[in-house]
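**Q** Have a look at this one before I ask anything.
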Amino acid sequence: MLPFWWPSVLRVVPRDGLDTWVVDGQEIGFARGGGVVARDHSKIPFFESSEKGLDWVHEAAYDPTARLALMDDCGIHAQVLFPNVVGLGGTTLNNVIPDEALRMLCLEIYNDAMAEMQDASSQRFLPMTLMPAWSIDRCIAETKRAAGLDLRGINMTSDPQDAGSPDLASRAWDPLWEVCSDLGMPVHFHIGSSNTAMDFFGNYFWPSQHEYVKPAIGGGMLFLNSARVVMNTIFSGLFDRFPNLQMVAVESGIGWIPFMLETMDYELSENAPQQYKEMSKKPSEYFSSNWHATFWFEENQGHLQFLMDQVGDTRILFETDFPHPTCLYPAPVDAVAEKMNALRPETRRRVMGENAARLYRL
């Protein structure tokens, strides 16, 4: 017999002719797989996708069997997966479910389903574990539980203070970093993974911009939020305390990284010379030991190898972003083939697979 509170759990119900995600009576978004890729293989602008249901979107946006078939067609062996409707960092759950027990239940159901999907795909799907960011102790327990389910990393909000926890520079989070380091669970920060980040998304553009232009500005500027997370984590000193801890800037791009690495060294040495001296190495050097970033669309005017050398070609992961607005659909590998062929063979191998295989233990 199902528990009496079952109708409150996150589920899809029809509302006004569209399948809609509902939890405890609250609507939290249309069930559309977060996609802009249609079943006829066309792509539509993000603004037009905001009020469409599942009847038009590519089946691979929400159906695991269809996704595996698409991955086969595209020459993609495995994909790291992140949620949509519950928030890229899980923030929507915290925003709409005041009851902590129900919120935690929804999160655990999600993580259990992701573990089942990973296992059923023979580790071709690698969903990242959603974190209950409102509680450090719950994050620690859920990370341990996820590792026991063979999940390969955690999906963290960049701003747990939005949920009532300390910010990530606080040493209160050290027990979580210790667990992630010991269990080999890399920590992922997707762009737009917090209320604070999405506030930035909604305020970067000027109000008079065209509605189609606004997400282009907001989405582009979210890359700089990745720089914010990288800088804050490095300056907090946590990588001196946990030198084996790995983090990933998801959907981040890489072109901003060399500039920010130089910026970190200069700004900290000028503004906080004592804190600079207390670090075991230059701020920029922590990226090559503790951070990864993702690459997909950048051209860099024929100097891509130079850029990847500056970032570190062992720290770059290839992404497709399917089915989101900036995805490389319909042929992600073909879309980057020319610029990949211009790289050194070892760089190409690392970016297109070896780095991910190492990080996710494939």
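Just so you know, all these numbers are worked out from the coordinates, no wet-lab data involved. Every value quoted in this text rests on a predicted model; they were computed, and no experiment measured them. Neighbour counts run over all protein chains shown; Cβ positions are idealised from the backbone, glycine included.
**Q** Note down, for the chain, the three equivalent ellipsoid semi-axes (square root of 5 times each alpha carbon gyration tensor eigenvalue), biggest first, whole angstrom.
**A** Working: eigenvalues 188, 135, 86 Å².
Working through the eigenvalues yields semi-axes of 31, 26, 21 Å.
**Q** With +1 assigned to the C-beta of every Lys and Arg and -1 to the C-beta of every Asp and Glu, and no other charges, what is the dipole magnitude of segment 64-359 about the Cα centre in debye, to the nearest 20?
**A** Working: 21 positive and 37 negative charges, 72 e Å.
That gives a dipole near 340 debye.
**Q** So for the chain, taking the charge dipole from beta-carbon charges (+1 Lys/Arg, -1 Asp/Glu), which of Ser8, Phe30, Pro258 sits furthest toward the positive end?
**A** Highest projection toward the positive end goes to Pro258.
**Q** Could you give the size of the charge dipole of segment 153-230 about its Cα centre, using +1 on the Cβ of each K and R and -1 on the Cβ of each D and E, expressed in debye and rounded to the nearest 20? Spell out each step's value before the answer.
**A** On the way: 3 positive and 8 negative charges, 51 e Å.
Its charge dipole is roughly 240 debye.
**Q** Restricting things to Cα coordinates, could you compute the convex hull volume per residue of segment 94-185 in Å³? Spell out each step's value before the answer.
**A** On the way: hull volume 8.2 nm³, N = 92.
Residue-normalised Cα hull volume stands at 90 Å³.
**Q** Cα-based count: Lys pairs in the chain below 28 Å, eight or more positions apart or different chains?
**A** Working: Lys43/Lys52; Lys43/Lys214; Lys43/Lys339; Lys52/Lys214.
So the count of such lysine pairs works out to 4.
**Q** Quick one: which of 213-222, 42-51, 318-327 comes out on top by average Cβ neighbours within 10 Å, and what's the full order, highest first?
**A** On the way: 213-222: 16.9, 42-51: 14.8, 318-327: 20.5.
So the peptides 213-222, 42-51, 318-327, ranked by packing, come out 318-327, 213-222, 42-51.
**Q** Place the peptides 14-20, 185-191 in order of packing, highest mean first, counting for every residue the other Cβ atoms within 10 Å and averaging per peptide. Mind dumping the intermediate values first?
**A** Working: 14-20: 12.9, 185-191: 23.9.
Packing order, densest peptide first, comes out as 185-191, 14-20.
**Q** Moving on. Kirkwood Rh over Cα pairs of segment 154-296 into Stokes-Einstein at 4 °C, 1.567 mPa s: D in µm²/s?
**A** So the translational diffusion coefficient is about 81 µm²/s.
**Q** Expressed in nm to one decimal, what extension gain is obtained for the pair Phe47 and Glu211 from 0.36 nm per residue of sequence separation less their Cα-Cα distance?
**A** Numbers: separation 164, 0.36 × 164 = 59.04 nm, distance 0.71 nm.
My answer for the length gained is 58.3 nm.
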